[in-house]
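Here is the structure we will look at, set down as structure tokens.
The values are calculated or read from the model by the stated rules, or taken from the named source; none is laboratory data. Note that the structure is a prediction, hence the values are computed from the model and not measured. Because the Cβ atoms are built from the backbone with ideal geometry, glycine has one as well, and the counts that use them run over all protein chains shown. Just so you know, the surface numbers come from the protein's heavy atoms only, side chains and all, with ligands and any DNA or RNA stripped out. Shrake-Rupley method; radii C 1.70, N 1.55, O 1.52, S 1.80 Å.
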Amino acid sequence: MNESFFYRDGTLWCEGVPLDAIADAVGTPVYVYSVARVLTNIRKLQTAFGPLGASIHYSLKANANLALLRVINEAGVGVDAVSAGEIARARLAGIPASRIVFAGVGKTRAELEYALDIGVGWINVESQAELALLETLAAERRQIVTVALRLNPGIEAATHRHIATGHAGAKFGIEPAVLAAILDYREAYPHLFIAGIHVHIGSQLARVDATLDAMRLAQRLAEPHSDVRTLNIGGGFPVRYGETDNFPEPADFARAMKPLLDGWHIMIEPGRAVVADAGLLLVSVLYVKEQYGNRFVITDGSMTDLLRPALYGAEHPVIPVREPASDMLPAMVVGPVCESTDVLKSSALLPPLAAADRLAVMDVGAYGMVMASNYNMRMRPPEVLVEGRQWRVVRRREMLEDLLRLEQ
Ligand code: LLP
């Protein structure tokens with residue numbers, strides 16, 4: 001928990017709002033985000049990386065809610081977008097095209113055309129074929145496009161294998177020899193200003209050393225080309241999901257990078273570091289059942305609302321909304337979906353619970369709602385933004401009509 005989420009008068013609050021008030025009004029499951037915490041996280045990144053002259057581009061794949069994007073935009077950061085849909089969302093939230101970085105291993109022609117037409121700031125290119133297509137499209141438009149080449153450094157990052165992206169087996173980026181050859185023959189791309197190297201080696205990085213190795217390799221490749229002096233190191237700044245996690249802070253990354261950055265412009269693309277611990281998922285207990293020695297707490301929230309535990313074995317703290325006064329006992333917190341992996345937390349410690357009691361799944365502001373699905377014909381939850389003592393629904397709960405609308 002952080003200063004935005006705390007117990008007062010025996011119940012859990014977000015900033016100046018008791019979570020029961022939100023659940024009473026809009027029901028559960030519901031995502032609740034703290035504006036104060038988002039701003040604190042952005043300030044922390046700005047304080048760490050500002051002195052390095054870094055440009056910060058929030059990776060909006062982590063949480064693309066429009067109201068939240070507006071808050072983030074007002075805090076003065078740009079965005080990293082990975083599809084035309086994300087770019088459109090960023091524009092709707094008021095983010096200028098020049099502050100959008102467009103990334104992704106499989107951009108379609110239509111997406112590239114859209115990005116060129118609105119004039120995004122940077123395009124991060126991930127293959128020679130994409131580079132050739134981009135050159136053609138830029139030439140047709142008589143446009144000069146600023147490009148970073150995404151390097152696949154062939155480095156193993158200390159993280160979960162599903163979110164490591166810079167190793168030799170990953171589809172991402174361009175291998176060093178090919179990247180060097182592209183730089184040597186830049187005149188083949190007269191409409192592309194190849195000004196930087198992008199290297200995102202993964203998410204939830206447990207150590208800074210692999211990032212430094214990747215940066216050194218990128219710099220070695222760029223060295224002979226004096227106008228390639230931007231290094232976009234991507235995201236990956238970790239979040240403490242459990243009490244026991246001990247991860248480097250943004251300031252630790254910044255301190256370690258500083259000696260490498262003389263003469264370089266640096267960009268970062270934090271996603272979860274901005275939003276993860278600013279959000280929780282509020283769920284209600286439907287049933288409690290003891291079976292073969294297990295206590296199953298069956299809630300109205302599920303893997304369709306929060307996929308991370310099922311997909312990555314992610315451990316999010318689950319805490320009761322009513323401050324626990326009695327002994328905590330083991331429990332398995334599960335959802336209603338017809339999948340054995342529909343578990344929100346397999347080894348929770350919770351007080352005795354009964355139907356209608358509420359629980360909070362913590363640190364789900366990143367990769368929570370954006371990965372929600374309609375599997376089992378479930379409606380995706382609403383999203384609520386809390387700002388001091390004010391709160392508002394910034395996306396309503398889906399209804400049956402929303403799900404049926406696209407079918408004839
Ligand atoms: N930049 C690039 C090029 C990325 O691919 C990503 C994340 C980021 C920045 C932001 O990474 P962050 O700072 O959030 O770690 N669904 C997974 C995470 C997938 C991340 C994909 N790329 C999860 O729930 O952990």
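Please tell me if Val370 is part of a helix (DSSP H, G or I), within 16 Å of the ligand (Cβ to nearest atom) and open to solvent by 30 Å² or more (accessible area, probe 1.4 Å). Criteria met by Val370. Quick one: count up the residues across the stretch 79-93 that are touching a helix residue (DSSP H, G or I) at 6+ places or on another chain (Cβ under 7 Å) and over 21 Å from Met267 (Cα atoms). Residues that pass the stated criteria total 4. Among the criteria (1) surrounded by 15 or more Cβ atoms within 10 Å (Cβ to Cβ); (2) part of a loop (DSSP other than H, G, I, E, B), the one Thr341 does not fulfil is (1).
Residue pairs whose Cβ atoms lie under 9 Å apart, sitting 6 or more positions apart in sequence or on different chains, and linking a residue in the stretch 270-281 that is open to solvent by 10 Å² or more (accessible area, probe 1.4 Å) to a partner that is more than 12 Å from the ligand (Cβ to nearest atom) and small (Gly, Ala, Ser), are Asp277/Ser4; Asp277/Ser34.
Condition first: under 26 Å from Phe6 (Cβ atoms) and in contact with a Phe, Trp or Tyr (Cβ under 7 Å, 6 or more places away or on another chain). Now tell me which residues in the stretch 49-76 satisfy that. Across the stretch 49-76, the qualifying residues are Ala62, Leu68, Ile72. Close Cβ contacts (under 6 Å, 6 or more residues apart or on different chains) running from residues in the stretch 100-117 that are basic (Lys, Arg) and modelled with pLDDT under 95 to residues that are outside any strand (DSSP E or B) and open to solvent by 70 Å² or more (accessible area, probe 1.4 Å) are absent.
Conditions tested, residue by residue: (1) under 15 Å from the mean Cα position of the chain (by Cα); (2) more than 14 Å from the ligand (Cβ to nearest atom); (3) on the phi > 0 side of the Ramachandran plot; (4) not hydroxyl-bearing (Ser, Thr, Tyr).
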residue: Ala23; (1), (2), (3), (4): no, yes, no, yes
residue: Ile42; (1), (2), (3), (4): yes, no, no, yes
residue: Ile56; (1), (2), (3), (4): yes, no, no, yes
residue: Asn65; (1), (2), (3), (4): yes, yes, no, yes
residue: Arg70; (1), (2), (3), (4): no, yes, no, yes
residue: Ala93; (1), (2), (3), (4): no, yes, no, yes
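Being touching a residue at least 12 places away in the same chain (Cβ under 8 Å) and assigned to a helix (DSSP H, G or I) is the filter; apply it to the stretch 50-69 and report the residue that is most open to solvent (accessible area, probe 1.4 Å). If we take residues in the stretch 50-69 being touching a residue at least 12 places away in the same chain (Cβ under 8 Å) and assigned to a helix (DSSP H, G or I), then Pro51 is most open to solvent (accessible area, probe 1.4 Å).
Rundown of residues vs (1) touching a residue at least 24 places away in the same chain (Cβ under 8 Å); (2) in contact with a helix residue (DSSP H, G or I) (Cβ under 8 Å, 6 or more places away or on another chain); (3) away from the ligand (no atom under 14 Å from the Cβ); (4) closer than 21 Å to Phe102 by Cα, yes/no style:
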position: Gly202; (1), (2), (3), (4): yes, yes, no, yes
position: Leu212; (1), (2), (3), (4): yes, yes, yes, no
position: His225; (1), (2), (3), (4): yes, yes, yes, no
position: Gly234; (1), (2), (3), (4): yes, no, no, yes
position: Met257; (1), (2), (3), (4): yes, yes, yes, no
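Cβ separations smaller than 8 Å between residues 6+ apart or across chains give the following pairs from the stretch 118-142 residues that are of a type in the set (A, V, I, L, M) to residues that are part of a helix (DSSP H, G or I) and open to solvent by 20 Å² or more (accessible area, probe 1.4 Å): Ile118/Arg91; Val120/Ser98; Leu133/Arg109; Leu137/Arg109; Leu137/Glu113.
Per-residue answers, yes or no, for (1) open to solvent by less than 40 Å² (accessible area, probe 1.4 Å); (2) within 11 Å of the ligand (Cβ to nearest atom); (3) within 19 Å of Ser226 (Cα to Cα); (4) aliphatic (A, V, I, L, M):
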{"site": "Gly173", "(1), (2), (3), (4)": "yes, yes, no, no"}
{"site": "Arg186", "(1), (2), (3), (4)": "no, no, yes, no"}
{"site": "Tyr189", "(1), (2), (3), (4)": "yes, no, yes, no"}
{"site": "Ala195", "(1), (2), (3), (4)": "yes, no, yes, yes"}
{"site": "Arg207", "(1), (2), (3), (4)": "no, no, no, no"}
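All of Thr28, Thr47 fail the test of being open to solvent by 10 Å² or more (accessible area, probe 1.4 Å), touching a residue at least 12 places away in the same chain (Cβ under 8 Å), of a type outside the set (Lys, Arg) and in a loop (DSSP other than H, G, I, E, B), apart from Thr28. Each residue in the stretch 259-282 was checked for being under 30 Å from Arg397 (Cα atoms) and out of contact with any helix residue (DSSP H, G or I) (no Cβ under 9 Å at 6 or more places or on another chain), and 3 of them qualify.
One residue alone among Glu323, Glu315 is modelled with pLDDT under 95, open to solvent by 40 Å² or more (accessible area, probe 1.4 Å) and touching a strand residue (DSSP E or B) at 6+ places or on another chain (Cβ under 8 Å), and that residue is Glu315.
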